[in-house]
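Student: Here it is: the structure, laid out below.
The values are calculated or read from the model by the stated rules, or taken from the named source; none is laboratory data. The structure presented is a predicted model; accordingly, all values stated were derived computationally and were not measured. A quick note on method: Cβ atoms are made from the backbone with ideal geometry, for glycine too, and the neighbour counts reach across all protein chains shown.
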Amino acid sequence: MTRYRFVTPHRTGKWYADLKTAQRHACEIGAGFLDEMTGRFVAYVETMLEVATEDRAEAA
């Protein structure tokens, strides 16, 4: 499972299951904004996207 969050120099966002949701909530921590006209996410300077993946071993 992959999770996404945005991090600024002063704030850290919550983990979200998909990138679109993380982008929608990024404005809450001042990481960027979602352009309503184009639907594109614009990150502010020094904003980083963190991606976490969990590798689950399947039982054989």
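Student: Has segment 8-29 got any residue that is at pLDDT 95 or above and of a type in the set (Asp, Glu)?
Tutor: yes
Student: Let me ask something else about it. Filter the strands (runs of 3 or more DSSP E) completely within the chain down to those with at least 3 residues that are free of Cβ contacts under 8 Å to residues at least 12 places away in the same chain and touching a Gly at 6+ places or on another chain (Cβ under 9 Å).
Tutor: On the way: elements: 2-7, 32-34, 41-43, 48-53.
Filter on the chain gives an empty set.
Student: Can you find, within segment 1-40, the residue that is farthest from Ala52 (Cα to Cα) among those that are in contact with a Ser or Thr (Cβ under 9 Å, 6 or more places away or on another chain) and polar (S, T, N, Q)?
Tutor: For segment 1-40, the residue satisfying everything is Thr8.
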